[in-house]
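Structure record follows, encoded as structure tokens.
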């Protein structure tokens with residue numbers, strides 16, 4: 001049993017938070033490493049079968065893990081194990097995968113040109129476009145700027 005599955009099996013049932021739920025890297029990493037809010041997020045996703053991730057989120061997590069390795073906060077072997085576990089969970093269908101296609105880029109560009117009141121960054125626009133293409137009702141993010149933009153386009157935001 002994987003770490004995520006073990007966590008899911010020992011916590012309470014799913015919440016009423018509307019799905020599908022798109023997970024950006026700031027949320028997804030909390031399911032693999034103990035961080036502030038990890039417990040809350042684990043309780044939110046327990047038993048859910050509508051979590052969406054993208055290769056963009058996975059690459060951003062690998063970047064974060066690599067930074068922590070360089071800073072001495074994580075050992076290289078642990079970084080490699082976490083990376084393999086994340087990829088295995090995606091391949092096993094624990095998460096639905098949203099693909100980054102040309103149409104996703106065009107949607108991100110549309111968002112960059114149209115979302116008012118938020119200084120939207122390119123990667124954040126891509127995350128929003130991925131959530132839209134995956135028909136997500138909600139986004140899980142700990143990035144305040146991305147959360148503000150997600151709310152502005154009508155997505156439910158956690159936290």
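Each value in this text was obtained by applying a stated rule to the coordinates, not by laboratory testing. All figures in this text were calculated on a predicted structure; none of them were measured in a lab. In this analysis, Cβ positions are derived from the backbone assuming ideal geometry, glycine residues included, and neighbour counts consider all displayed protein chains.
Quick look at the numbers
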{"quantity": "Among 128-136, 58-66, the order from most to least packed when residues are scored by Cβ within 10 Å on average", "calculated": "128-136, 58-66"}
{"quantity": "Over segment 3-158, equivalent-ellipsoid semi-axes from the Cα gyration tensor in Å", "calculated": "25, 19, 14"}
{"quantity": "Those residues of segment 31-62 whose amide nitrogen sits under 15 Å from the label point placed on residue 76, 7 Å along Cα→Cβ", "calculated": "none"}
{"quantity": "Pairwise label distance in nanometres, residue 55 with residue 67, each label 7 Å out on the Cα-Cβ vector", "calculated": "2.2 nm"}
{"quantity": "Residue 116-residue 156 FRET efficiency (beta carbon distance; Förster radius 22 Å; 0.05 resolution)", "calculated": "0.65"}
{"quantity": "Global size of segment 12-99 as Cα Rg and Dmax, reported in angstrom", "calculated": "13.1, 39"}
